[in-house]
1. Can you tell me how many residues within the stretch 15-58 are part of a helix (DSSP H, G or I) and either in contact with a helix residue (DSSP H, G or I) (Cβ under 9 Å, 6 or more places away or on another chain) or under 23 Å from Tyr191 (Cβ atoms) (or both)?
2. I'd like to check which strands (runs of 3 or more DSSP E) are fully inside the stretch 137-255 and have at least 1 residues that are surrounded by fewer than 21 Cβ atoms within 10 Å (Cβ to Cβ), among the β-branched types (Val, Ile, Thr) and in contact with a Gly (Cβ under 8 Å, 6 or more places away or on another chain).
3. Testing Ile67 on (1) near the ligand (Cβ under 10 Å from one of its atoms); (2) at pLDDT 95 or above, one condition comes back false. Which one is that?
4. Given the condition in contact with a strand residue (DSSP E or B) (Cβ under 6 Å, 6 or more places away or on another chain), within 9 Å of the ligand (Cβ to nearest atom) and among the β-branched types (Val, Ile, Thr), answer yes or no: does some residue in the stretch 20-41 qualify?
5. Quick check on the stretch 221-236. Is at least one of its residues charged (D, E, K, R) and closer than 18 Å to Arg30 by Cα?
6. For Gly61, which of the numbered conditions (1) near the ligand (Cβ under 10 Å from one of its atoms); (2) in a loop (DSSP other than H, G, I, E, B); (3) free of Cβ contacts under 8 Å to residues at least 60 places away in the same chain fails to hold?
7. So, Tyr80, is that one farther than 20 Å from Ala169 by Cα, within 14 Å of the ligand (Cβ to nearest atom) and either modelled with pLDDT of 95 or more or crowded, with 24+ Cβ neighbours inside 10 Å (or both) or not?
Amino acid sequence: MGIAQPSPTAADIQGLFDRIAPVYDSLNERLSFGLHRVWKRMAVRWCGAAPGHTALDVCCGSGDLAIMLARQVGESGTVYGVDFSAELLGVAEGRWAKISPGGRSPSLSSEASRQISPTAAIHWVQGDALALPMGDNSIDAATMGYGLRNLTNIPQGLAELRRVLKPGASAAILDFHRPQGALAEQFQRWYLDALVVPTAQGMGLTDEYAYIGPSVDRFPTGPEQVALAHQVGFERAVHYPIAAGLMGVLVVSRQ
Ligand SMILES: C[S@@+](CC[C@H](N)C(=O)[O-])C[C@H]1O[C@@H](n2cnc3c(N)ncnc32)[C@H](O)[C@@H]1O
């Protein structure tokens, strides 16, 4: 029997993401074979973001979901990307400065420029998902990608999301999921041990990526996430397993 690892503190997690920041995007792309973008698009669709909305991406990291939300809510909308890692926020800001309508790279061809439709302004905010720097009932739609599993207090993170959402608004929370069934479970174990950790090892980040397996083991299952969401007051909560149950999206709504 393995010895239980102590759960990391918020400072451990913040330090870990600051260290990973320079390679986070390229590792993500390689380890998910680019599929993370497909799953993130599903989350953006399922959170109900629409033109003119004020949208929020919690634990925004390098900004993928916030940028997708900005395209979805359009130039009449506003997006907030919140994260506590200053390094990852720096990566997000740099990416956004290159592709946003105001900061488009002059090297882009006119064809490429035409493909970039007007988007919302994104405000990158350093803040804590457990004490969001947003007012009550101020957000029309929210996303969180691979953030909930990393919070030191999952119910508090869900309660904060509920506090900032307007009545009738939804949030879509994408993360790893512990699949049901021996085969899928074995595949996930193989994926983490044989692919994720060695790839990270090759980039000098062994310890940083070794945390993923234990964090998935600790993470509540889909039905447990639904129960937690109801406990903090969400009137509607549905967990959708995706990617053969290896990932999941928890969609929560306020009445
Ligand atoms: C695995 S990354 C996901 C980044 C991005 N959402 C994505 O899908 O690519 C998890 C992010 O959660 C952030 N995070 C973890 N705990 C947090 C907290 N309490 N407050 C704010 N950000 C937090 C980390 O800094 C990191 O950027």
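1. Looking only at that region, the number is 27.
2. 236-242
3. Failed condition: (1).
4. No, the conditions are met nowhere in the stretch 20-41.
5. Filtering the stretch 221-236 for residues charged (D, E, K, R) gives 224, 235-236.
Still in the running and closer than 18 Å to Arg30 by Cα: none.
So far as the stretch 221-236 goes, no, none of its residues is charged (D, E, K, R) and closer than 18 Å to Arg30 by Cα.
6. Result: Gly61 fails condition (3) only.
7. Here the answer is no, as Tyr80 does not meet what is asked.
The values are calculated or read from the model by the stated rules, or taken from the named source; none is laboratory data. The structure presented is a predicted model; accordingly, all values stated were derived computationally and were not measured. When we count neighbours, we look across all protein chains shown, and the Cβ atoms used for this are built from the backbone with ideal geometry, even at glycine.
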